[in-house]
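Undergrad: Okay, handing you the structure first.
Here, each number is a calculation from the coordinates, and none is a lab measurement. As the structure is a computational prediction, the values presented were derived from the model and not from experiment. Counting neighbours? That spans all protein chains shown, and the Cβs are built from the backbone with ideal geometry, glycine included.
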Amino acid sequence: AFDINDYNRLEDIEAQIDVWNNACVSGFECSIENLGNSYEGRPIKLLKIEKAGENRKIMWMDSTIHAREWLAPATVLKIANAIFTGENADATRLLNTYDWYFVFVMNPDGYVYTWDGDRFWRKSRNPNAGSSCIGTDLNRNYDYRWGFGGSSTNPCSTTYRGTSAGSEPETKAVQTKALAIGSRVLSWVSVHTSGNMWLSAFGYLEPSGVCGEPTDYNDIYSVAEATAEAVMDTFGTTWTYGSACTTIYPASGITVDYTYGAAGIKYSYTPELRGPGFNPGPNAITPSYQEVWNGIVAMIRKIEEIENNK
Ligand code: 0X9
Ligand code: ZN
């Protein structure tokens, strides 16, 4: 059964999505949209809570594009829980102001495989022609500067980029949605583990060897800074922040390069949560939620401050 304070199997996460959807917060409209099906035919479910007919700005959070990063969905599920239960005054204000969209498991085939096959599986589960190695790194497959550094052409690599830009059904499903709602998205946060980092676009490397830099980088960086400071203030931990390419390493075809570069979502971030590694015990879930929630609250406040002064 679903346990908000533990790691959950896909079927239990999906049951909880149904619970939230079927008992929507009074005055709001909840729905579940299937963005598309994974290679093995599983739906990629988007849970939405919105004000009917108001076309409000959207706060988007997704997780589990990398199957083994279990603290990511666990943290995002607790954030959804705060929104759906009105856990504190910030949660209530943020639901009263924005629509919230959640994709807890972007790579359902990989996630199921981490429970039933290999706990440390990262990629999708689509077989590769001419190779016995399975899967594409979906976070190298997006159709924006695909193949511009930090990805592999070897199907056996954990960072295999796929046969072409946006070749994988999971990536395609998310790309289509990002383009459709891009102008309405206040912020897109695609959650990974681990490393204590609040990263933004771009991840890709120019052929000249310099990191891609967004035109809005000053604003994007100030928001990352305010966010990381609120995260760090929670427990006194250290986080770094800045573009993915300059802060961690070049990586192209990643979610935020697409959401910023192709879908025009200015405040696109991809945090690397606390660890240790990919397999922290369930006791990491609550502190991860607390610090990331404080970060999200500060992030939205800073975005509002910057955008309202323009
Ligand atoms: O290599 C990655 O895809 C990310 N690190 S992870 O350990 N989660 O695999 C970093 C890539 C750039 N940053 C993100 N997209 N998070
Ligand atoms: Zn990851």
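Undergrad: Just for the chain, what percent of DSSP beta bridges are antiparallel, to the closest 5?
TA: Restricted to the chain, the bridges split so that about 45 percent are antiparallel.
Undergrad: For the pair residue 37 and residue 309, how long in nm is the line joining their label points, each one 7 Å along Cα→Cβ?
TA: Taking the two extended label points, one gets 5.0 nm.
Undergrad: Of the peptides 55-67, 269-281, 226-238, 24-36, how do they stack up when ordered by the mean number of other Cβ atoms within 10 Å, highest first?
TA: Working: 55-67: 23.0, 269-281: 19.8, 226-238: 17.3, 24-36: 13.7.
Peptide ranking by packing, descending: 55-67, 269-281, 226-238, 24-36.
Undergrad: Given 0.36 nm per residue, what is the gain on full extension from residue 184 to residue 22 after removing their alpha carbon distance, in nm? Intermediate values should be presented prior to the final figure.
TA: Details: separation 162, 0.36 × 162 = 58.32 nm, distance 2.49 nm.
Between residue 184 and residue 22, full extension yields 55.8 nm more.
Undergrad: Can you compute the modelled spin-label distance between residue 221 and residue 118, with each label point 7 Å from Cα toward Cβ, in nm?
TA: 3.9 nm
Undergrad: If you filter segment 52-134 for GluC sites (Glu not before Pro), then keep DSSP loop positions with at most 10 other Cβ within 10 Å, what is left?
TA: Values: sites: 54, 69, 87; in loops: 54, 69, 87.
Within segment 52-134, the qualifying GluC sites (Glu not before Pro) (loop, at most 10 other Cβ atoms within 10 Å) are 54.
Undergrad: Let me ask something else. Using Cα pairs closer than 8 Å and at least 6 residues apart in sequence, work out the relative contact order for the chain, in percent.
TA: Numbers: 688 pairs, mean separation 61.5, N = 310.
It rounds to 20 percent for the chain.
Undergrad: While we're on this one: For segment 10-308, compute Rg over Rh where Rg is the Cα radius of gyration and Rh is the Kirkwood radius from the inverse mean 1/r over Cα pairs.
TA: Working: Rg = 17.8 Å, Rh = 19.0 Å.
Reported Rg/Rh, Kirkwood definition of Rh: 0.94.
Undergrad: Further question: When the helices in the chain are scored as -39500 (n - 2.57) per DSSP H run of 4 or longer and the sum is shared across all residues, what 222 nm value do you end up with, to the nearest 500 deg cm²/dmol? Let's see the in-between values first.
TA: Values: 9 runs with 113 residues, N = 310.
Helix-only estimate at 222 nm: -11500 deg cm²/dmol.
Undergrad: Per residue of segment 161-173, in order, report the coupling 6.51 cos²θ - 1.76 cosθ + 1.60 (Karplus, θ = phi - 60°) as ³J(HN,Hα) in whole Hz, putting x for Gly and Pro.
TA: For segment 161-173, the Karplus curve yields 8, x, 6, 7, 4, x, 6, 8, x, 5, 5, 4, 4 Hz.
Undergrad: If we sort 135-145, 252-262, 119-129 on the protection proxy, mean other Cβ atoms within 10 Å, highest first, what's the order? Show your work: numbers first, answer last.
TA: Values: 135-145: 25.5, 252-262: 27.1, 119-129: 18.6.
Ranked by mean Cβ neighbours within 10 Å, highest first: 252-262, 135-145, 119-129.
Undergrad: So, one more: Measuring from centroid to centroid over Cα atoms, what is the spacing of segment 25-81 and segment 267-301 in Å?
TA: That distance is 17 Å.
Undergrad: Mind checking which aspartates and glutamates have their C-alpha under 13 Å from residue 51, skipping anything on the same chain fewer than 8 residues away?
TA: Correct list for residue 51: 29, 99.
Undergrad: Compute the length gained on full extension between residue 233 and residue 157: take 0.36 nm times their separation in residues and subtract their Cα-Cα distance, giving the result in nm to one decimal.
TA: Numbers: separation 76, 0.36 × 76 = 27.36 nm, distance 3.73 nm.
That works out to 23.6 nm of additional length.
Undergrad: Any lysines with Cα under 16 Å of the residue 123 Cα? List them, leaving off those in the same chain fewer than 8 positions away.
TA: Here the lysines satisfying the reach criterion relative to residue 123 are 172.
Undergrad: Run the quick spin-label model on residue 210 and residue 88: label points 7 Å from Cα toward the beta carbon, then report their separation in nm to one decimal.
TA: Result: 4.1 nm between the two label points.
Undergrad: Which peptide among 198-211, 105-118 comes first, and what is the full order, when sorted by highest mean count of other Cβ atoms within 10 Å?
TA: Details: 198-211: 20.1, 105-118: 22.6.
So the order, starting with the most tightly packed, is 105-118, 198-211.
Undergrad: Here is a follow-up. Going by the alpha-carbon gyration tensor, a ≥ b ≥ c the square roots of its eigenvalues, is segment 66-187 rounded (a/c under 1.5) or, if a/c is not under 1.5, prolate (a/b greater than b/c) versus oblate?
TA: Details: a/c = 3.09, a/b = 1.69, b/c = 1.83.
Cα axes put segment 66-187 in the oblate bin.
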